[in-house]
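Take a look at the structure below.
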Amino acid sequence: MCYNKLMASSETTWQAPEFEYRPKSVSWYWISIIVSASIIAFSIWERNFLFGIFIVIAEILLIAWGNETPTILDFSLTEHDLLIGAEKHHQIKLFENFSVNDLNDDWIELFFTFKTKIRAPLKILAPKEKTDDIRQCLKPVLREVEFEPSLLDSLEKIIGF
């Protein structure tokens with residue numbers, strides 16, 4: 001809990017996976033390869049070999065990243081900072097707002113929008129039981145907005161990545 005009645009600060013900590021893992025079946029890989037092969041065939045037909053090379057590299061990365069399982073990270077949240085693992089540090093004053101999305105029975109997604117519009121929103125997972133502590137910690141310093149999934153979030157869920 002970040003703020004108590006005397007406005008003394010403390011921190012909220014939790015452990016969570018680095019990203020939401022969606023297991024992929026063999027058919028997911030085959031569909032990915034078939035779609036890529038079709039696009040490569042089209043690029044050859046159009047004599048756009050650079051685009052074909054790009055698709056080959058993209059498919060290799062898609063298969064490699066699709067196999068990755070998330071590592072468990074330590075998160076620490078105070079009224080001034082968000083610490084992710086031992087390496088990443090974000091100052092709360094750099095964020096414009098935050099939103100909370102219920103992911104499933106165990107996890108929520110926290111989205112932090114940066115004040116600079118160039119940066120993509122920061123998405124992290126947190127246990128559902130920490131929701132009230134996180135909100136209590138962030139509400140005095142950040143505005144909470146309703147979660148609206150972006151096109152990229154929707155595509156990510158559709159293709160299972």
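The values are calculated or read from the model by the stated rules, or taken from the named source; none is laboratory data. Since the structure is predicted, the reported quantities are computational estimates derived from the model, not experimental observations. For neighbour counting, all protein chains shown are included, and Cβ atoms are generated from backbone atoms with ideal geometry for every residue, glycine included.
Considering the stretch 119-147, the residues that are among the charged types (D, E, K, R) and touching a strand residue (DSSP E or B) at 6+ places or on another chain (Cβ under 8 Å) include one that is farthest from residue 104 (Cα to Cα), namely 143.
So that you can scan it fast, the table gives a plain yes or no per residue for (1) touching an Asp or Glu at 6+ places or on another chain (Cβ under 8 Å); (2) under 21 Å from residue 19 (Cβ atoms); (3) at pLDDT below 90:
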{"site": "52", "(1), (2), (3)": "no, no, no"}
{"site": "58", "(1), (2), (3)": "no, yes, no"}
{"site": "66", "(1), (2), (3)": "no, yes, yes"}
{"site": "93", "(1), (2), (3)": "no, no, no"}
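Inside the stretch 124-155, residues that are free of Cβ contacts under 8 Å to residues at least 60 places away in the same chain and surrounded by 11 or more Cβ atoms within 10 Å (Cβ to Cβ) make up a count of 14.
Only one of 30, 14 is of a type outside the set (Gly, Ala, Ser), out of contact with any helix residue (DSSP H, G or I) (no Cβ under 8 Å at 6 or more places or on another chain) and either within 20 Å of residue 141 (Cβ to Cβ) or loosely packed, with under 12 Cβ neighbours inside 10 Å (or both); which?
Details: 14 fails: out of contact with any helix residue (DSSP H, G or I) (no Cβ under 8 Å at 6 or more places or on another chain).
It is 30.
If you take the residues of the stretch 30-55 that are assigned to a helix (DSSP H, G or I) and not hydrophobic (A, V, I, L, M, F, W, C), which of them is nearest to residue 67 (Cα to Cα)?
Residues of the stretch 30-55 that are assigned to a helix (DSSP H, G or I), as a first pass: 30-45, 49-55.
Still in the running and not hydrophobic (A, V, I, L, M, F, W, C): 32, 36, 38, 43, 52.
Numbers: 32: 13, 36: 17, 38: 22, 43: 27, 52: 23 Å.
The residue in question is 32.
Looking only at strands (runs of 3 or more DSSP E) that fall completely inside the stretch 57-111, which ones have 1 or more residues that are over 16 Å from the mean Cα position of the chain (by Cα) and within 15 Å of residue 133 (Cβ to Cβ)? Even if it seems obvious, please write down each step before you answer.
Details: elements: 72-77, 81-84, 88-91, 95-102.
Here the list reads 72-77.
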